[in-house]
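Here is the structure we will look at, set down as C-alpha cells.
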Amino acid sequence: MNARHHVASAHGRFQPVHNGHVEYLLAAKARCDFLYIGLTQMVRSRLQDVSEVAHHRAELPNNPLTFFERQELIREVMLDSGVARGEFEVLPFPIEDEPILTEFLPLDVPVFTTVYDDWNREKVVRLRSAGYVVEVLWEREIKEYVGSKVRALVAAGDDGYRSMVPEATSRLVDRLKLEHRLRGLDKRLP
C-alpha cells in the first residue's frame with residue numbers, strides 16, 4: 001500500500017487538459033490531502049528544449065495556451081471533478097529550468113508522476129537528482145489520450161476531440177476560439 005501524504009504535487013504542460021490528465025490529477029489527489037499542480041513551460045515566448053527525447057514540448061504550436069489560461073482551466077477541471085478549492089493550488093513548475101525549480105516547489109513536497117515514455121523516465125531521474133521524492137503512480141506502454149491528437153482535431157475544427165477532454169476544456173476551446181489560435185501557430189495547417 002502506498003503512503004498517503006498531507007501535501008504532494010503533480011505537474012505537466014496540460015496543453016490542453018485531456019481525460020488522461022484528469023485521471024492523473026485525480027489519482028494524485030487521492031493520495032494526498034492537498035495537491036500542488038505545477039505547470040511546466042510557463043512562458044511561451046521563452047520555451048526551452050528540455051530533452052533530446054522531448055523536442056516537441058518546446059515548439060510553439062504544441063503550447064497554444066498561456067500559463068494563465070492553463071491555470072484557470074485546471075482550476076475548473078478540478079472543481080468540476082468534485083475537488084474542493086481549498087485542497088489544491090496551481091503553480092509554476094519550471095522543470096525546464098531545474099536550478100530555480102525549488103523556488104516554486106520545496107524539496108520536501110513529494111512529486112507524483114506517471115511513466116509512458118523516455119521523457120517521463122528522464123523526468124523521474126532529474127527530479128530525484130534535484131532532491132525530490134518522486135512516486136510513479138503508474139507505468140504504461142500506451143497513452144489512451146494524447147495532447148497532440150487533441151490539438152490536431154481542434155485545429156481541424158473536428159468536434160471528435162470533445163470525447164477526449166473534460167467539459168471544462170471544451171468550454172475553454174469554444175471561449176478562446178482555440179481552433180483559430182492553433183491555425184495561426186502552425187502555418188502548415190490549411
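Quick note: the coordinates plus some simple rules give every number you see, no bench work behind them. From a predicted model like this one, the values you see are computed outputs, not experimental measurements. Cβ atoms come from the backbone with ideal geometry, glycine included; neighbour counts cover every protein chain shown.
Assorted remarks:
- Here the condition is being acidic (Asp, Glu) and exposed (fewer than 14 other Cβ atoms within 10 Å of the Cβ); of Glu179, Glu96, Glu135, Glu144, it holds for Glu144 alone.
- Candidate set: the stretch 73-96, residues that are charged (D, E, K, R) and touching a residue at least 40 places away in the same chain (Cβ under 8 Å); chosen: the one farthest from Tyr24 (Cα to Cα): Glu96
- Under the condition of being surrounded by fewer than 20 Cβ atoms within 10 Å (Cβ to Cβ) and among the basic types (Lys, Arg), the residues counted in the stretch 14-40 number 1.
- Scope the stretch 129-148; condition more than 23 Å from Arg4 (Cα to Cα) and outside any helix (DSSP H, G or I); matching residues: Glu141, Ile142, Lys143, Glu144, Tyr145, Val146
- Looking at Arg151, Arg126, just one residue is in contact with a helix residue (DSSP H, G or I) (Cβ under 9 Å, 6 or more places away or on another chain), of a type outside the set (Val, Ile, Thr), assigned to a helix (DSSP H, G or I) and touching a residue at least 60 places away in the same chain (Cβ under 8 Å), and that residue is Arg151.
- Among the residues of the stretch 154-167, the ones that are assigned to a helix (DSSP H, G or I), exposed (fewer than 15 other Cβ atoms within 10 Å of the Cβ) and out of contact with any Leu (no Cβ under 7 Å at 6 or more places or on another chain) come to 3 in all.
- Among (1) part of a helix (DSSP H, G or I); (2) surrounded by fewer than 17 Cβ atoms within 10 Å (Cβ to Cβ), the one test that Leu73 misses: (2)
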